[in-house]
Amino acid sequence: MSEDARVSALIVDDEPVARAGLRHMLAEVDWVACIGEAGNGLAAVEMINRLRPELVFLDIQMPGLLGTELLAHLQHRPLVVFTTAYAEHAVAAFEIGALDYLLKPFGPERLAAALDRVRGVVGEPLAPALDRFGEAMGPGPISRLFVRNGRAIVPVPVGGIDWIEAVGDYVALHVGAATHLLSLSLNRLEARLDPQRFVRIHRTHIVNLDHVTAFRRQDGGGLAAELHDGTQLAVSRSKAQELRSWAR
């Protein structure tokens, strides 16, 4: 296959050994041409905007700029496959049009699965991916979060979340009987949720109004949000003043 017919790819990783390993695996893929490497986020922004690769393998945890941060600085928007040794970094990232997450260490078989996804969209209109990028990096509400399930990263529709709880440096997503932890602040997540659907009722709790059956007055005079599964969450005094009309 001629080089012009191959998909141009850039590797971004601050670890030389990781870059060399991925470059070696990509050399065995006849339809991918590796056109460069970057060892930090700032260099990556310059190279991506200058070389305009079709595909970027992007490490998340890097000096200068995190992989999830540098995307906001790009003039050229390539297809992205994240690579990371830390699952918590992958699941903390919003959906930004990334085709896959490769958790290090990964081998040729896992890389091949990611490349199958790449090959499935190469040559197709990129509007859906760019729409997802805009959703994540822009001011509008997000529709999905990614959570870890074993060694896999799976999407969770935001609309299916019952309530969200701050747990130290993490947030816990309560989705039915399941609970998922994300390395993300409650303030940051709140800023990306639809305020018409999600309400912060306490400094540590956000509820999905679609899953609230009632706001009920308590014996002590306080207010609690009652969810469809019977869970009751205290409402702060300041928020209770805004929600009195919901109570019954």
If you scan the range 164-173, which residues turn out to be surrounded by 21 or more Cβ atoms within 10 Å (Cβ to Cβ) and closer than 12 Å to Val207 by Cα? Ile164, Leu173
When (1) closer than 13 Å to Val7 by Cβ; (2) among the hydrophobic types (A, V, I, L, M, F, W, C); (3) crowded, with 16+ Cβ neighbours inside 10 Å are applied to Trp31, the one that fails is (3)
Looking at the range 151-166 only, could you name the residues that are part of a strand (DSSP E or B) and over 21 Å from Glu226 (Cα atoms)? Ala152, Ile153, Val154, Pro155, Val156, Pro157
I'd like the full set of residues that are without any contact (Cβ under 8 Å) to a residue 60 or more places away in the chain and assigned to a strand (DSSP E or B), limited to the range 23-53. Ala33, Cys34, Ile35, Gly36, Glu37, Ala38
Evaluation of Ile35 against (1) among the β-branched types (Val, Ile, Thr); (2) under 23 Å from the mean Cα position of the chain (by Cα); (3) closer than 22 Å to Phe106 by Cα (one fails), failing number: (2)
For the range 224-248, enumerate the residues that are modelled with pLDDT of 90 or more and not small (Gly, Ala, Ser). Glu226, Leu227, His228, Asp229, Thr231, Gln232, Leu233, Val235
Looking at Arg77, Arg110, Arg50, which one is more than 30 Å from Val156 (Cα to Cα) and either modelled with pLDDT under 90 or not assigned by TED's automatic domain parsing to the domain that holds Val171 (or both)? Arg50
Do the conditions hold for Arg6, that is, is it surrounded by fewer than 18 Cβ atoms within 10 Å (Cβ to Cβ) and either under 21 Å from Leu115 (Cβ atoms) or touching a residue at least 24 places away in the same chain (Cβ under 8 Å) (or both)? yes
Residue selected from the range 37-60 under the condition surrounded by fewer than 18 Cβ atoms within 10 Å (Cβ to Cβ) and in contact with a His (Cβ under 8 Å, 6 or more places away or on another chain), by the criterion farthest from Arg6 (Cα to Cα): Asn49
Could we say that Ala20 is part of a helix (DSSP H, G or I), small (Gly, Ala, Ser), modelled with pLDDT of 80 or more and surrounded by fewer than 20 Cβ atoms within 10 Å (Cβ to Cβ) here? yes
Starting from the range 56-81, keep only residues that are basic (Lys, Arg), then list their pairs with residues that are at pLDDT below 85 and in a loop (DSSP other than H, G, I, E, B) whose Cβ atoms are within a distance under 9 Å, requiring at least 6 positions of separation or different chains. Arg77/Gly97; Arg77/Leu126
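The values are calculated or read from the model by the stated rules, or taken from the named source; none is laboratory data. Computed from a prediction, not measured in an experiment: that's the story for all the values here. We place every Cβ from the backbone using ideal geometry, glycine too, and count neighbours over all the protein chains shown.
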